[in-house]
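The values are calculated or read from the model by the stated rules, or taken from the named source; none is laboratory data. Computed from a predicted model, the values in this text were never measured in an experiment. For neighbour counting, all protein chains shown are included, and Cβ atoms are generated from backbone atoms with ideal geometry for every residue, glycine included. To get the accessible areas, we keep the full protein, side chains included, count just its heavy atoms, and leave off ligands, DNA and RNA. Shrake-Rupley method; radii C 1.70, N 1.55, O 1.52, S 1.80 Å.
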Amino acid sequence: MVERRYSDFKGPLAVAPIFLEHNRRITALITVICLALLVFCLIERQVRQALGPEQTMSGLYPDNRKVRPTGRMILYHLDSLTLRPGTATNPPAILVSRGVQAHLLELLGIDETRPRWLET
């Protein structure tokens, strides 16, 4: 499992070489990268747990085969989401363009008509 996460670190997170001069900056960069990897893993875990014991879903690939969703595929399908800002008469909402996006948001427990981060 650790090796797989290390490959996620090298792949989907697209970490490139960076030259830093101070130890504080190196530590800060490693912290940010580890937090990004943690969020990446938690998104994958949440979707798989919400799917139940089978942990597979269709719609992630063009041929519609049932597969276990990976963090990479989840973020790939969610990357085109947009947030419509709220107005005095219209609350903010997430604009969903594909059915698989709506299903992933549902599995993540996110209501596209009422984004959680805007409830404060």
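Taking region 96-111 as the range and being open to solvent by 80 Å² or more (accessible area, probe 1.4 Å) and either among the polar types (S, T, N, Q) or touching a Leu at 6+ places or on another chain (Cβ under 8 Å) (or both) as the test, only Ser97 passes. So if I check each of Val39, Val67, Val47, which one is among the hydrophobic types (A, V, I, L, M, F, W, C) and open to solvent by 50 Å² or more (accessible area, probe 1.4 Å)? Answer to the selection: Val39.
At pLDDT 90 or above and either over 10 Å from the mean Cα position of the chain (by Cα) or not in a loop (DSSP other than H, G, I, E, B) (or both): does that describe Gln55? When the stated conditions are applied, Gln55 does not pass them. Of the residues in region 1-22, not one is assigned to a helix (DSSP H, G or I), open to solvent by 70 Å² or more (accessible area, probe 1.4 Å) and at pLDDT 90 or above.
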